Amino acid sequence: MIKSMTGYGNAKGHSGKLEISVELRSVNNRYLDCTIKLPRVFISFEERLKELVGKHISRGKVDAFILIDSSRSDDVEIKVNRPLAEAYITALRTMAEDYGLACNISAMDMTRFPDVLQAEKRETDHDILCSDICLIMEDALSGFDDMRTREGAKLYDDITSRLDEIERLTTVAEEISPRSADEYRRKLEARLHELLSTTNIDEQRLLTEAAIFADRIAINEESVRLRSHISQLRDMLESVEPVGRKIDFLVQEFNREANTIGSKGNDPEMARVIVDMKAEIEKIREQAQNIE
């Protein structure tokens, strides 16, 4: 079943105590254009995430927003600068002995000296974090695909209904074409009677002229090709592979056959049929722009 190029998906999860949020949005585009937006410190994850998106999407302008919240993380560790603390203690004891002072040193006293306590941030394991982000993105892509499939079902219904109408109009055009030839023969015969003022008209010449005209306005080849295109498009709509570009090309062939049929017919009713047919083809062309 076809999929729409437009979609939305989101998912949330955790990597350790980091909260991760992934949001995907896409709009129509001729090719796949994926942009990953995430904190600059994790920019090395970009290519791997793009590869993941490419496994699900073949066409469209995709924006992926990845937010990483570390506000609840305990990745800060307080360490004692032991060499510096011991140097302070040694200096204080020496001062107490030299000047006959009491040496009552507490832990709280030590914290007042610069750089005795140092705050360090624990290193994040980037491989684990990247793998966790990929898992969360898979969840977002799953919802994203579900939405695109639902939109694709609507496109399928709309296009197939228009194909039914084009097929009906093709049948009408096939019925009109012979009538136009008969009408031309009658008008030609009446005109000749008027011009020659006689009933002695060369019947063979009349038949020849009518046959030439009938051959000129015959739409058999065009209608056969048009029906073949309709069948081909129906098969494409059932495909599980991305077919948007193929459909776009095939619709151009629809237009070519409709234009040829229109150019051959000189009947007002045929003209109306072709106008209606081209209107349906144009609507299919517009919908094809949304198909992956």
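The values are calculated or read from the model by the stated rules, or taken from the named source; none is laboratory data. Computed from a predicted model, the values in this text were never measured in an experiment. All Cβ positions, glycine included, derive from the backbone under ideal geometry; neighbour counts span all protein chains shown.
Taking into account only those residues within region 237-255 that are in contact (Cβ under 8 Å) with a residue 40 or more places away in the chain and part of a helix (DSSP H, G or I), which is nearest to the chain's Cα centre (by Cα)?
So the residue we want is GLY244.
Cβ-Cβ under 9 Å, sequence separation 6+ or interchain: first residue in region 161-184 and at pLDDT 80 or above, partner loosely packed, with under 13 Cβ neighbours inside 10 Å and of a type in the set (S, T, N, Q). Which pairs?
Partner pairs satisfying both residue conditions: GLU174/ASN220.
Between a residue in region 84-110 that is assigned to a helix (DSSP H, G or I) and any residue that is aromatic (Phe, Trp, Tyr) and surrounded by 10 or more Cβ atoms within 10 Å (Cβ to Cβ), which pairs come within a Cβ distance under 6 Å, given they are 6 or more apart or on different chains?
TYR88/PHE113
Kindly evaluate LEU52 against the criterion of being of a type outside the set (Ser, Thr, Tyr), in a helix (DSSP H, G or I) and within 20 Å of GLY143 (Cβ to Cβ).
yes
Can you tell me which residue within region 1-35, out of those that are among the charged types (D, E, K, R) and outside any strand (DSSP E or B), is modelled with the lowest pLDDT?
Result: LYS17.
Given the options ARG256, ARG234, ARG245, name the one that is of a type in the set (Lys, Arg) and under 14 Å from THR160 (Cα atoms). Give the steps one after another, and end with the answer.
Details: ARG256 fails: under 14 Å from THR160 (Cα atoms); ARG245 fails: under 14 Å from THR160 (Cα atoms).
Step by step, each of ARG256, ARG234, ARG245 is checked, and only ARG234 is of a type in the set (Lys, Arg) and under 14 Å from THR160 (Cα atoms).
Collect the residues in region 221-269 that are surrounded by 13 or more Cβ atoms within 10 Å (Cβ to Cβ) and either outside the structural domain of LYS283 (by TED's automatic domain parsing) or over 21 Å from THR171 (Cα atoms) (or both), keeping them in residue-number order.
Within region 221-269, MET236, LEU237, PRO242, VAL243, GLY244, ARG245, LYS246, ILE247, ASP248 qualify.
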